[in-house]
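Right, one structure below, let's go through it.
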């Protein structure tokens, strides 16, 4: 009799494990949505669509990208947090966790609502100056700014670039006047004409005036040089390693999403984003591949957050 009970118990256990395994293997069970808080055609969007196409082929399930730009990424975050269907993910810059809590008095989401799953890329950011200044290195620029305190000005695209330039001033002790623009196109024109002396932005945004010989890149703030501007040094190579910032981009899920779903996506992303063709494609968009685990992604976000908090607390030039 005991043997019969034991056999029955073993059968139930085996059946339970089988059902659990089958259920786990069934994901994804419907169309997977990737929400991007930037417009179509942006470097982040390009990376998201690359991953979507390859993930769809890998899973045999449709994977679509939806662009919900604007609002500092808040609408995109709320779409993901509100979905709660284990098939909707955010593909975003880290500012939704590192910057938004500093610039918004009250966010409609808790930063704990988002869980980093896998990093895919780094947006490459750079500092450029007008060629009218006749400076060729960051050290030259710092010396000129120190000799003329409060005489030079700067501008930056919203988000991380603003904090990057605030960090430049904090680290070097220089004082520049910030110029604000509702649209950034005029800032690039002013940089070309010498009315703006320095600009912090993505390398792709800065490329046109640089290629026209009206601006010069002094450094990229990422850990490695950009294939789009191989002669431009990194912050560390320019003598300011503390000015290193990585514009890390990747996938996020919600905190109530099953761990096995996040792990499955992380593994799939690591497989498809490791394709050398992606690195070549992103290089032309001024972005570098950065495939990382959830722990590595979370660590990169925390590093960025800590730097930004320190800048915001110590510099009047921070947003």
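Could you please rank 114, 133, placing first whichever residue has the fewest other Cβ atoms within 10 Å of its Cβ?
Ranked by crowding around the Cβ, least crowded first: 133, 114.
So how much slack lies between residue 40 and residue 105, counting 0.36 nm per residue of separation and subtracting their Cα-Cα distance, in nm?
20.5 nm
Expressed as a whole number of Å, what is the distance separating the alpha-carbon centroids of the range 131-163 and the range 109-125?
Spelled out, the Cα-based centre of one part sits 30 Å from the other.
Mind pulling the angle between the C-alpha long axis of helix 43-59 and the longest principal axis of the chain? Nearest 10 degrees, somewhere in 0 to 90.
Result, in degrees: 20.
Which of the three applies to the range 125-245, rounded, prolate or oblate, going by the alpha-carbon gyration tensor with a ≥ b ≥ c and a/c under 1.5 meaning rounded?
Rounded shape, in that the Cα axes give a/c under 1.5.
Calculate the length of the line joining the C-alpha centroid of the range 255-319 to that of the range 200-245, in whole Å.
20
Under 10 Å, Cα contacts only: if you run a Gaussian network model on the chain, which one of 76, 215, 236 comes out with the highest mean-square fluctuation?
236
For the range 125-245, what relative contact order do you get, as a whole percent, if you take Cα pairs closer than 8 Å and at least 6 residues apart?
36
Using square roots of five times the C-alpha gyration tensor eigenvalues, list the equivalent-ellipsoid semi-axes of the range 225-319 in whole Å, biggest first.
The equivalent ellipsoid of the range 225-319 has semi-axes of 27, 22, 10 Å.
How much length would be gained if the chain were fully extended between residue 184 and residue 306, taking 0.36 nm per residue of separation minus their Cα-Cα distance, in nm to one decimal?
Residue separation times 0.36 nm, minus the Cα-Cα distance, leaves 41.2 nm.
What angle, in degrees between 0 and 90 and rounded to the nearest 10, separates the Cα long axis of helix 259-273 from the longest principal axis of the Cα atoms of the chain?
The answer is roughly 60 degrees.
Using only the alpha-carbon atoms of the chain as identical scatterers, what base-10 log of I(q)/I(0) does the Debye formula give at q = 0.08, 0.12, 0.14 Å⁻¹?
Relative scattering, expressed as log10 I(q)/I(0), comes to -0.41, -0.81, -1.05.
Suppose only helical runs count, i.e. DSSP H with n ≥ 4. What mean residue ellipticity at 222 nm does that imply for the chain under -39500 (n - 2.57) per run, divided by all residues and rounded to the nearest 500 deg cm²/dmol?
Rounded to the nearest 500, the figure is -14000 deg cm²/dmol.
With a/c under 1.5 counting as rounded, go ahead and sort the range 122-168 into rounded, prolate or oblate using the C-alpha gyration tensor (a ≥ b ≥ c being the square roots of the eigenvalues; past the cut-off, prolate if a/b is larger than b/c, else oblate).
Since a/c reaches 1.5 and a/b is larger than b/c, the shape of the range 122-168 is classed as prolate.
Taking neighbour counts of Cβ atoms within 10 Å as a proxy for exposure, in what order, fewest first, do 181, 252 appear?
Lowest to highest Cβ neighbour count: 181, 252.
Provide 154, 59, 50, 27 in ascending order of the number of other Cβ atoms located within 10 Å of each residue's Cβ, fewest first.
59, 27, 50, 154
Looking at the chain as a GNM with Cα springs under 10 Å, which of 121, 147, 166 has the largest mean-square fluctuation?
For the chain, modelled as a Gaussian network with Cα springs under 10 Å, the answer is 147.
Can you tell me the relative contact order of the chain? Whole percent, Cα pairs under 8 Å, sequence separation 6 or more.
About 25 percent, as a whole number.
Which one, 297, 93, 141, has the greatest fluctuation when you compute a Gaussian network model over the chain with C-alpha springs under 10 angstrom?
Highest fluctuation among the options: 141.
Going by alpha carbons, how many degrees (0 to 90, nearest 10) lie between the helix axis of 2-25 and the longest principal axis of the chain?
Between the helix axis and the principal axis of the chain, the angle is about 30 degrees.
Using 0.36 nm times the number of residues separating residue 132 and residue 153, minus their current alpha carbon distance, what extension gain do you get?
6.2 nm
Bear in mind that the values in this text are calculations on the coordinates, not laboratory data. As the structure is a computational prediction, the values presented were derived from the model and not from experiment. Neighbour counts are summed over all protein chains in view; Cβ atoms, including those assigned to glycine, are modelled from backbone coordinates with ideal geometry.
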